[in-house]
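Heads up, the thing below is written out as structure tokens.
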Amino acid sequence: MIYEAHVRGLTQQHPEIPETLRGTYAALGHPVMVNYLRSLGITTLELLPVAHFASEPRLLQLGLSNYWGYNPFALWAVDPRYASGQPDVTPLQEFQQAVKNLHAAGIEVLLDVVFNPHR
């Protein structure tokens, strides 16, 4: 079963995830989250964009930001805003560990990659 989710949206409110990790790659790979996904029968997790992205100027003028990540500018760099800021752990390392934890539980990970035209 495929489950599509946003890193922050999936993990932000889970009461058993430590508050300092909620909304992060570390929360995504946390045993509580992995067990939750397994309990739902999830075999594949499709993550909404995790590539580094920008907020559109129009949104910024309105005091808003791009939540979904559909304006990437660095396709091969994970967005550091989803990292927990743990000492000596880069955002990429944190993301990689989350994927390893999901794989170890038998959950495949797919990425939603956005190829927007760049001017």
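I'd like to verify a number: residues in segment 20-71 that are over 17 Å from the mean Cα position of the chain (by Cα) and charged (D, E, K, R), how many? Of the residues in segment 20-71, 3 are over 17 Å from the mean Cα position of the chain (by Cα) and charged (D, E, K, R).
Residues checked against (1) within 17 Å of His103 (Cβ to Cβ); (2) not aromatic (Phe, Trp, Tyr):
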residue	(1), (2)
Val34	yes, yes
Ile42	yes, yes
Glu46	yes, yes
Phe53	no, no
Arg58	no, yes
Leu64	no, yes
Asn71	no, yes
Ala74	no, yes
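Which residues, counting only those in segment 67-102, are without any contact (Cβ under 8 Å) to a residue 40 or more places away in the chain and of a type in the set (S, T, N, Q)? Residues satisfying the conditions are Thr90, Gln93, Gln96. Just so you know, in segment 86-107 the residues that are assigned to a loop (DSSP other than H, G, I, E, B) and of a type outside the set (Asp, Glu) include one that is surrounded by the most Cβ atoms within 10 Å (Cβ to Cβ), and it is Ile107.
For every residue, the table says whether it meets (1) within 24 Å of Glu56 (Cβ to Cβ); (2) more than 14 Å from the chain's Cα centre (by Cα).
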| residue | (1), (2) |
| --- | --- |
| Phe73 | yes, yes |
| Ala77 | yes, no |
| Arg81 | yes, no |
| Val89 | no, yes |
| Val99 | no, no |
| Ala104 | no, yes |
| Asp112 | yes, no |
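Counting the residues of segment 72-85 that are in a loop (DSSP other than H, G, I, E, B) and in contact with a helix residue (DSSP H, G or I) (Cβ under 8 Å, 6 or more places away or on another chain) gives 3.
Just one residue in the set Ala83, Ala77 is surrounded by 14 or more Cβ atoms within 10 Å (Cβ to Cβ), among the small types (Gly, Ala, Ser) and at pLDDT 95 or above; that residue is Ala83.
All told, Thr11 meets the bar of being within 21 Å of Asp112 (Cα to Cα) and at pLDDT 95 or above. Does Val114 fit the bill of being surrounded by 12 or more Cβ atoms within 10 Å (Cβ to Cβ), on the phi < 0 side of the Ramachandran plot and at pLDDT 95 or above? No, not satisfied. In segment 31-53, the residue that is surrounded by the fewest Cβ atoms within 10 Å (Cβ to Cβ) out of those that are out of contact with any Phe, Trp or Tyr (no Cβ under 7 Å at 6 or more places or on another chain) and closer than 18 Å to Leu92 by Cβ is Ala51. Tallying residues that are of a type in the set (Asp, Glu) and outside any strand (DSSP E or B) within segment 42-63 yields 1.
The values are calculated or read from the model by the stated rules, or taken from the named source; none is laboratory data. Just so it is clear, the model here is predicted, and its values are computed rather than measured. When we count neighbours, we look across all protein chains shown, and the Cβ atoms used for this are built from the backbone with ideal geometry, even at glycine.
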